[in-house]
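Undergrad: A single structure is presented below for examination.
Quick note: the coordinates plus some simple rules give every number you see, no bench work behind them. Keep in mind the model is a prediction, meaning the values are calculated, not measured. Here the Cβ positions follow ideal geometry from the backbone for every residue, glycine too, while neighbour counts run over all protein chains shown.
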Amino acid sequence: MDNKSYKRELTIIIIISAIAGLIAQYISFTDEYIFAYRDSIYRLDASRRFLDAMNPGLFNQIGTVWLPLPNFLMFPFASVDFLWKTGLAGSIVNFVLYIFNAIAIFLTLKLLTENKIAQYAGTIFFILNPNILYFQTTPMSEQIYLTFISLAIYYLVKWNITKSNKDIIWAGVHTALASCTRYDGWTFAAAAVVLVFLISIKNKNGIIKFSFYYFFPTAVVIIWWMVHNYIYYSDPLEFMRGQFSTYFQLKYYEEAGRLLTKHNAFLSLKVYYFDLYLYTGWLVLSLSLLGFIYYAIKNKFRVNSFLLYLSLIAVPSTLLFLYLGQVIIEIPQSEPAGYFNSRYGLYAIPGLVIFAGIFTGVVYEKFREKKNLLIAAGVILVFLQIFSYIYYYPSKVPAVAEGRYAGYKGTVTYNLAKYLEKNYDGGNLLYDFRVFAVPPWSGVYLRNRITYHTYEIGEKALLNPVPYAKWVMFYLRSPDDKIYNALNKNENFRNNYDLVFSEEGLELYKLK
């Protein structure tokens with residue numbers, strides 16, 4: 001292909017993804033979906049905290065548990081008040097990366113097949129996925145991770161063809177960036193370096209060199225993260241076993257009877273299947289399964305072909321973590337039913353659309369002489385998929401459904417934030433950040449927020465909040481609200497604060 005045609009094709013992908021992305025951005029912004037997830041608030045606040053905090057700084061505000069790359073990427077935008085309060089600081093970053101993700105998928109398909117239908121179909125499946133479209137409007141880390149993983153897959157597939165030092169280094173760099181975004185990247189890196197090593201052995205070329213070039217950037221990220229945790233928390237594995245870690249959260253869910261997939265293989269399989277079904281749609285999931293089978297048969301499980309399977313590593317790893325009780329997913333088809341952490345179905349989408357694109361191309365080649373019939377069948381199938389999204393909205397778009405379930409308009413948390421937006425007149429707010437996420441648009445800057453472990457004054461405020469907090473927030477229905485547990489029977493608190501907001505157990509007090 002000449003350079004002119006190549007640029008034209010990339011331009012088409014950029015234009016389509018930009019239009020789709022901007023439409024989703026507009027809907028999410030105007031309908032106030034950007035901060036529907038608590039984590040979207042926490043993520044953007046973490047990006048802002050380098051500048052806006054009681055003790056601002058770089059390394060001291062990186063924290064633990066959450067890997068820091070999303071915070072670094074969003075910080076320049078989050079430092080602007082308007083972009084922070086509206087959430088657009090995260091939307092801008094994820095919109096750009098969403099476009100790069102589409103490009104990465106398109107380029108990967110170009111390496112795998114010369115069929116234009118396959119290349120465009122797989123990419124369009126990604127671009128128009130409503131769950132992907134929603135997450136690229138938020139400050140969440142999912143789109144950032146998917147982009148870097150997709151770029152890593154592209155360069156790995158390319159290296160498998162070229163055996164170029166440059167390609168394996170770029171694959172390693174993007175894997176490291178993914179590994180500095182989500183811990184899923186660590187699993188990907190471990191599996192990928194084994195395949196790079198095996199492929200190099202088979203080819204009798206660069207056995208040590210290619211493995212080193214690939215894994216070194218990720219090793220630097222992992223070692224640095226452990227050193228950071230040791231310096232600031234005295235435990236290199238604080239992110240894994242500290243008080244804010246997933247391990248501690250899962251203990252709470254298990255005690256509450258919500259971790260029923262643990263040691264239950266059938267339920268784990270059922271929950272994850274329906275999660276994938278909801279996040280990809282029945283059409284793409286069916287095409288991807290057929291594409292996977294076709295690819296496996298065609299390549300006869302040759303070791304060189306295994307690199308593409310890495311795009312689906314989220315499938316076996318999530319199933320394993322569900323079974324081990326290290327992940328919780330709640331959807332309407334789970335036990336118990338609900339919406340929580342459903343976004344684990346998102347991580348396999350880049351791989352699924354690639355295999356779906358491959359099979360679409362195969363079908364087109366097989367029946368190209370019956371082009372009109374093929375087009376009609378394709379239009380009908382796509383129409384039925386779109387119809388199911390619209391007719392059953394938002395239940396068939398779990399990314400949005402969970403957001404509505406968690407913190408959309410009309411919830412008690414939203415109503416309290418609206419009260420703050422209208423009535424907050426300065427002063428510090430004391431609250432348990434684990435129980436309630438204060439959205440930026442509430443008007444309370446991070447430097448005016450105190451929680452139980454806030455630098456130097458958190459513990460003092462739990463004994464006597466008067467010198468430190470003008471506002472105090474409780475959630476009576478949370479048995480673990482540390483502020484409520486400390487102050488509920490505190491006579492000094494009761495004598496000096498008035499109740500100004502109360503709804504469904506959520507209470508806000510103001511200093512007299």
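Undergrad: For the chain, what is the calculated [θ] at 222 nm in deg cm²/dmol (nearest 500), taking -39500 (n - 2.57) for each run of four or more DSSP H residues and dividing by its residue count?
TA: Details: 23 runs with 319 residues, N = 512.
It comes out at -20000 deg cm²/dmol, rounded to the nearest 500.
Undergrad: Let me ask something else about it. For the chain, compute the orientation-averaged projected area of the C-alpha convex hull (one quarter of its surface), in nm². Walk me through the numbers before you get to the answer.
TA: Working: hull surface 100.5 nm².
Its Cα hull, projected and averaged over all orientations, spans 25.1 nm².
Undergrad: Could you work out how much longer the chain between Glu255 and Leu373 gets when fully extended? Use 0.36 nm per residue separation minus the Cα distance between them, nm to one decimal. Before the final figure, lay out the partial values.
TA: On the way: separation 118, 0.36 × 118 = 42.48 nm, distance 5.56 nm.
Extending this stretch completely gives an extra 36.9 nm.
Undergrad: Would you please put 160-168, 461-469, 380-388 in order of how densely packed they are, using the mean number of other Cβ atoms within 10 angstrom per residue and starting with the highest? Don't skip to the answer; put the middle values down first.
TA: Numbers: 160-168: 16.1, 461-469: 18.1, 380-388: 13.1.
Packing proxy ranking, top to bottom: 461-469, 160-168, 380-388.
Undergrad: Taking the alpha-carbon centroid of each part, what is the distance from region 393-422 to region 136-171 in angstrom?
TA: 33
Undergrad: Taking the number of other C-beta atoms within 10 Å as the exposure measure, put Val227, Val397 in order starting with the fewest.
TA: The most exposed by this proxy come first: Val227, Val397.
Undergrad: Here's something else I'd like to know. Give me Asp275, Asp235, Asp425 sorted ascending by neighbouring Cβ count inside 10 Å, so fewest comes first.
TA: Arranged by neighbour count, lowest to highest, Asp275, Asp235, Asp425 become Asp425, Asp235, Asp275.
Undergrad: Based only on other Cβ atoms within 10 Å, what is the fewest-to-most ordering of Arg447, Arg494, Arg48?
TA: Ranking Arg447, Arg494, Arg48 by Cβ neighbours within 10 Å, fewest first, gives Arg494, Arg447, Arg48.
Undergrad: On to the next question. Is any helix in the chain, taking whole DSSP H runs, at least 24 angstrom long along its axis by alpha carbon and on average at least 0.5 on the Kyte-Doolittle scale, and which ones?
TA: 3-30, 88-112, 142-162, 184-203, 207-233, 282-299, 349-366, 371-391
Undergrad: Viscosity 1.306 mPa s, temperature 10 °C: Stokes-Einstein D of region 303-357 from its Kirkwood Cα radius, in µm² per second?
TA: Taking Rh from Cα pairs, D becomes 128 µm²/s.
Undergrad: Something else: To the nearest 20 debye, what is the magnitude of the charge dipole of region 452-512 about its Cα centre, counting +1 on the Cβ of each Lys and Arg and -1 on the Cβ of each Asp and Glu?
TA: 200
Undergrad: If you stretched the chain out fully between Ala219 and Tyr391, how much longer would it get, using 0.36 nm times the residue separation minus the C-alpha to C-alpha distance?
TA: Numbers: separation 172, 0.36 × 172 = 61.92 nm, distance 4.69 nm.
Stretched out fully, the Ala219 to Tyr391 stretch lengthens by 57.2 nm.
Undergrad: Turning to a different aspect of this structure: Nearest-5 percent of antiparallel DSSP beta bridges in the chain?
TA: So the antiparallel bridges in the chain amount to around 75 percent.
Undergrad: Under the rule a/c < 1.5 gives rounded, and otherwise a/b versus b/c splits prolate from oblate, where does region 114-172 land using the Cα gyration tensor?
TA: Here region 114-172 falls in the oblate category.
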